[in-house]
Ligand code: PHE
C-alpha cells in the first residue's frame, strides 16, 4: 500500500474507533494505539525516509494534516467524555428541593425544671438573689448549725443517706441558709433551688427531689411579711383565686413554724381526690428564723430577725401539671416527658 493510502486508512480507522469510545481508559489506549512510540501513526511517520524526493512534500503535508485532524478528534472526544461524566455526577448528586424537610427533634426542659425556673422567676422578680450550695454536706451544715440536735428524728438513719467521714447527702436545701449567712452580712434575701435526698420512695416521694429554700434577714422582719411574700408567690404560681392556710408546726430552725397549704387547685377547696377531700394541699414549710440559727453564724438575734421557707418542687409540678404519681417524673419515658 502506498503512503497516501496508508495515512488515509489510519485516519478513517481512528475516526471510526473514536465514535465508540465511552470511557477515558479506552480513549487513552486508543491514543497509545495511534500516537504511542509504537503507534500506527508514529510508525508511518518513521517510514517517511523511504518516500521519494518528489512525493515527500505532498506526503509530508498529508501526514501533518492527518496528525492534526486526529489530534483534534481525540481532544474533542476527551472533552465530550468529561462533560458527560460531569453531567452524570451532577445528576447523581441532585437534590430534590421540593421534598418536605425533616423536622429536627427539639429537646426541652424537664417538667420539674420548668416549674423550678418559674419559681425562681417569681422570687427574683421580688428581689431575691439565687444562691446554690453543695449536695454532699457535713452534719454540721445539714443539722447542727440548723439547731437540729443529734437526737432529732430527722437524723434517723431511715431518712438520711449517710456517706463516710461525717458526710451525707443533704436532706434539704436549708444548709445553704447557713453557708449564705456565713458569707454575707445582713440584710439578706436569697432563694436556693437545688436537689435534696431522703431514703423514701412512694407515689409522693422519690429518693432525689428538688426544693427551693427562701431566706430573708433584716431588721424588724415580721411573720406578716412572710405571709405576704408566700401569698403573693402562691397567687402568681396557681392563680389569683388561690387561698392560703398556715398550720402551726415545728422545725428546729424556725420559731414559730408553720406548714403552709393552698386551696386545692383541682376542686378549689370543695374537696376531691387530689386534696384527700380536705380542700387543702400542703406546699411548703416556713417560719421565723430561730435565734439559735443566727447565733451559729454570728448574727446578733437582738439586731436582726428573718424568715425562711422551703418548698418541694415536684409537689408543685404535680399540681401544675396534674400528675398523680411523682415517680413518673424520673422514669424518663419520653412519651410522658414530651407532653410538657
Ligand atoms: N427544710 C424544711 C424541710 O425540708 C423546710 C423548711 C425550710 C421549713 C425553711 C422551714 C424553713 O422540710
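Can you tell me, using C-alpha contacts under 8 Å and at least 6 residues apart, the relative contact order of region 13-111 as a whole percent? Worked out over region 13-111, it gives 30 percent.
Each of 202, 165 was scored by other Cβ atoms within 10 Å of its Cβ. Arranged with the fewest first, they read 165, 202.
Arrange 132, 222 by Cβ neighbour counts within 10 Å, fewest through most, would you? Working shown, then result.
Values: 132 14, 222 11.
In increasing order of surrounding Cβ atoms, one gets 222, 132.
Compared with the dominant Cα axis of the chain, that is its longest principal axis, helix 3-19 is turned about 20°.
Each peptide in 60-67, 175-182 gets a packing score, the mean of other Cβ atoms within 10 Å over its residues, and the list from highest to lowest is 175-182, 60-67.
Taking 0.36 nm per residue of separation and subtracting the Cα-Cα distance, what length does fully extending residue 113 through residue 85 add? Walk me through the numbers on the way to the answer.
Values: separation 28, 0.36 × 28 = 10.08 nm, distance 5.63 nm.
Once the chain is fully extended between residue 113 and residue 85, it gains 4.4 nm.
When 250, 209 are arranged by Cβ crowding within 10 Å, least crowded first, meaning fewest neighbours, the order is 250, 209. To the nearest ten degrees, helix 56-93 and the longest principal axis of the Cα atoms of the chain are 20 degrees apart. Helix 24-35 sits at what angle to the longest principal axis of the chain, using alpha carbons and giving 0 to 90 degrees rounded to 10? It works out to around 30 degrees.
Quick check: from the Cα gyration tensor, does the chain come out rounded (a/c under 1.5), prolate or oblate? It is prolate, given that a/c is not under 1.5 and a/b is the larger ratio.
Contact order, relative form, for region 59-210: 21 percent (alpha carbon pairs under 8 Å, 6 or more residues apart, mean separation divided by residue count). Considering only C-alpha atoms, what is the centroid distance from region 118-182 to region 2-58, in Å? One Cα centre to the other: 97 Å.
Run the numbers on region 235-340 and let me know its relative contact order in percent, using alpha-carbon pairs under 8 Å that are six or more apart.
Relative contact order comes out at 19 percent.
With a Förster radius of 51 Å, plug the Cβ-Cβ distance of residue 129 and residue 99 into 1/(1 + (r/R0)^6) and report the FRET value to the nearest 0.05. So, using R0 = 51 Å, E works out to roughly 0.50.
Dividing the summed helix terms, -39500 (n - 2.57) for each DSSP H run of n ≥ 4, by the number of residues in the chain produces a 222 nm estimate of -12500 deg cm²/dmol to the nearest 500.
Taken together, the values in this text are just the output of simple stated rules run on the coordinates, not laboratory data. The structure displayed is predicted, hence computed values, not measured ones. We place every Cβ from the backbone using ideal geometry, glycine too, and count neighbours over all the protein chains shown.
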